[in-house]
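Asks: I have a structure I would like to understand better, so I am pasting it below and will then ask my questions one at a time.
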Amino acid sequence: MEMQIKEYAKKLKLSWIPANYQTIQAETHEKYLLKLFEHEVQHREERRINLLLKQATLPKIPNKPFDWKDIQLAPGITREYVLQGDFIENQENLIFYGGVGTGKTFLSTLISINTIKKKGKKVKFCTAAALVNALLEANDKGSLGKFLKQIEKLDLLVIDELGYIPLHKQGAELLFQIISMCYEAKSIIVTTNLQFGQWNNVFGDPILTEAVIDRWIHHSHLIIFKGDSHRYKDSISLNQ
């Protein structure tokens, strides 16, 4: 009978029940079935969340609360609105501007984790350089359409470190294609150490730069990260 149970469970794509059904105790058949289904659904949800976290390719972040002391939020939004990813429901974007090491990557990662765990959103985190390299590679291999469809399925795309490396013409044009595709359809978080007036140093073309900024600032909230580099401050304190 145990073999038959496992066989039926496999056909029904039940992963928790066949290994654990004997451990469940209940007063009635109905309560027993209810407990089985509750555990199966919970197990399935945990697997889905773990898969979403894995696919998001998030960077490692410190195991400590985020320090909002030097963060200047845009008018009309709250910490909760940002941290819980509520802006995603409105297809709004966040632009994180500040110096190196001021917490931009930390906060964007926390937002990604929250939106995955609490809302089951599909997120992808990548540096601007890595995203452009992936676009160029997909374009060379003839699989750009497939790559764009993967981006299209996302709820949130995080583009980290825009401005650290200038983009070649084709890479800048492909990144603009991503931005246009996401415009008013899904949310983007971009972190940068450059003011808008300096973005031409990245995209290399005034017209393209203007088009990028036009799409990015519409439905966007600018969040400014002030203060010194946290990594620099940590290294100073360790050496004292």
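The values are calculated or read from the model by the stated rules, or taken from the named source; none is laboratory data. As the structure is a computational prediction, the values presented were derived from the model and not from experiment. All Cβ positions, glycine included, derive from the backbone under ideal geometry; neighbour counts span all protein chains shown. Surface accessibility is based on the protein's heavy atoms, side chains included, excluding ligands, DNA and RNA. Shrake-Rupley method; radii C 1.70, N 1.55, O 1.52, S 1.80 Å.
Asks: List the helices (runs of 4 or more DSSP H) inside segment 1-112, counting only whole elements, that have at least 1 residues being closer than 30 Å to Asp228 by Cβ.
Replies: On the way: elements: 2-11, 17-20, 29-56, 79-83.
Passing ranges, in order: 29-56, 79-83.
Asks: Which ones in segment 179-211 are in a helix (DSSP H, G or I) and open to solvent by less than 40 Å² (accessible area, probe 1.4 Å)? Give the derivation first.
Replies: So the first thing to find is which residues in segment 179-211 are in a helix (DSSP H, G or I), and the list is 179-182, 196-198, 200-203, 206-211.
Residues satisfying the conditions are Ile179, Cys182, Val202, Phe203, Leu208, Thr209, Ala211.
Asks: For segment 133-143, how many residues are open to solvent by less than 70 Å² (accessible area, probe 1.4 Å) and either touching a residue at least 24 places away in the same chain (Cβ under 8 Å) or polar (S, T, N, Q) (or both)?
Replies: Residues that pass the stated criteria total 4.
Asks: Let me confirm something: among Ser180, Ser112, Ser143, which residue is of a type in the set (Ser, Thr, Tyr) and under 20 Å from Ile217 (Cα atoms)? Quick ask: steps written out before the conclusion?
Replies: Values: Ser112 fails: under 20 Å from Ile217 (Cα atoms); Ser143 fails: under 20 Å from Ile217 (Cα atoms).
When all the criteria are applied, what remains is Ser180.
Asks: Please state which one of Asp234, Asp214 is farther than 18 Å from Thr57 by Cβ, more than 20 Å from the chain's Cα centre (by Cα), in a helix (DSSP H, G or I) and modelled with pLDDT under 90.
Replies: Values: Asp214 fails: modelled with pLDDT under 90.
Just a single option satisfies the conditions, and that option is Asp234.
Asks: Out of segment 120-132, which residues are over 17 Å from Pro59 (Cβ atoms) and surrounded by fewer than 16 Cβ atoms within 10 Å (Cβ to Cβ)? Lay out the reasoning, then the answer.
Replies: Start the filter on segment 120-132 by keeping residues that are over 17 Å from Pro59 (Cβ atoms), which leaves 120-122, 132.
The one that is over 17 Å from Pro59 (Cβ atoms) and surrounded by fewer than 16 Cβ atoms within 10 Å (Cβ to Cβ): Gly120.
Asks: Next question, about the same structure. Pick from segment 113-147 the residues that are more than 30 Å from Glu80 (Cβ to Cβ) and outside any helix (DSSP H, G or I): which of them is nearest to the chain's Cα centre (by Cα)?
Replies: Only one residue tops the list, namely Ser143.
Asks: Taking segment 1-41 as the search range and keeping residues that are polar (S, T, N, Q) and open to solvent by 100 Å² or more (accessible area, probe 1.4 Å), which one is farthest from the chain's Cα centre (by Cα)? So that I can check it myself, show each step before the final result.
Replies: Pass one, segment 1-41, residues polar (S, T, N, Q): 4, 15, 20, 22-23, 25, 28.
Remaining after also requiring open to solvent by 100 Å² or more (accessible area, probe 1.4 Å): 4, 22, 25.
Values: Gln4: 42, Gln22: 39, Gln25: 40 Å.
Ranking the qualifying residues of segment 1-41, first place goes to Gln4.
Asks: Of the conditions (1) open to solvent by 80 Å² or more (accessible area, probe 1.4 Å); (2) touching an Asp or Glu at 6+ places or on another chain (Cβ under 8 Å), Asp86 satisfies every one except a single condition; which number is it?
Replies: (1)
Asks: Just to be sure, is Ile95 closer than 18 Å to Leu194 by Cα and either touching a residue at least 12 places away in the same chain (Cβ under 8 Å) or surrounded by 18 or more Cβ atoms within 10 Å (Cβ to Cβ) (or both)?
Replies: On the way: closer than 18 Å to Leu194 by Cα: yes; either touching a residue at least 12 places away in the same chain (Cβ under 8 Å) or surrounded by 18 or more Cβ atoms within 10 Å (Cβ to Cβ) (or both): yes.
So Ile95 fits the description; yes.
Asks: Would you pick out the residues in segment 148-174 that are open to solvent by less than 40 Å² (accessible area, probe 1.4 Å) and within 17 Å of the chain's Cα centre (by Cα)? Before you say what the answer is, go through the steps one by one.
Replies: Taking segment 148-174 first, the residues open to solvent by less than 40 Å² (accessible area, probe 1.4 Å) are 148, 151, 154, 156-160, 162-163, 167, 171-172, 174.
Hits for segment 148-174 are Leu148, Ile151, Leu154, Leu156, Leu157, Val158, Ile159, Asp160, Leu162.
Asks: Here's another thing I want to ask about it. Any residue at all in segment 43-63 that's more than 27 Å from Lys122 (Cβ to Cβ) and open to solvent by less than 100 Å² (accessible area, probe 1.4 Å)?
Replies: No - not one qualifying residue is present in segment 43-63.
Asks: Identify, by number, the condition in (1) in contact (Cβ under 8 Å) with a residue 24 or more places away in the chain; (2) in contact with a Leu (Cβ under 8 Å, 6 or more places away or on another chain); (3) loosely packed, with under 13 Cβ neighbours inside 10 Å; (4) of a type outside the set (A, V, I, L, M, F, W, C) that Arg79 doesn't meet.
Replies: (1)
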